[in-house]
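So the structure is just underneath, and the comments pick up after that.
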Amino acid sequence: HFHRTCKDALIPFGDEVPLQDLAAFAGSLLGNRAASGLFWKELRARWVPLQGRLADAPLMLRRVIEGVGALTTREELEQARAFFAAHQVPAARQAISQTLERLGQDVDLWERIGPAVGAWLRAVAEKR
């Protein structure tokens, strides 16, 4: 299953996914723990052709950018900040700003409460 998911992470860069489904597909991969790392790496590496494919669909491009908000780690947040600083998208400036702000808040929250949530989950699992 994992290998299939990783292979699927490359699909949005071809014609297999119809344009109208691309943003939802990309968002699903970015939100999938098994595929997000590979897809995030490929998204950055193939950004120019993807942006070209979405040139006539600015709303779809915005949705792909918003999907980056599904990332979860401080490292990914910093990668996203650096990536969008280096790859300006004037038509999606607000989406980038909002996505990075929300991702930053999510990462901050998880860093604060993650250990307590993990401890709680372990305690619940031990009682079963």
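Here are the numbers for this structure:
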| quantity | calculated |
| --- | --- |
| Within-12-Å neighbourhood charge of L121 [Cβ basis; K, R +1; D, E -1] | +2 |
| Degrees separating the helix 36-45 axis from the principal Cα axis of the chain, which is the longest one | 30 degrees |
| Three-way shape label, the chain, alpha-carbon gyration tensor, a/c 1.5 | oblate |
| Relative contact order [Cα under 8 Å, 6+ residues apart], the chain, whole percent | 22 percent |
| Protection proxy ranking, peptides 33-45, 90-102, average beta carbon neighbours within 10 Å, highest first | 33-45, 90-102 |
| Separation in nanometres of the label points that stand 7 Å from Cα toward Cβ, at Q94 and Q20 | 2.5 nm |
| Virtual spin-label span in nm between A119 and N32, 7 Å along Cα→Cβ | 3.5 nm |
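Each reported figure results from applying straightforward, stated rules to the coordinates on display, with no laboratory input. Please read these numbers as outputs of a predicted model, since none were measured by experiment. Because the Cβ atoms are built from the backbone with ideal geometry, glycine has one as well, and the counts that use them run over all protein chains shown.
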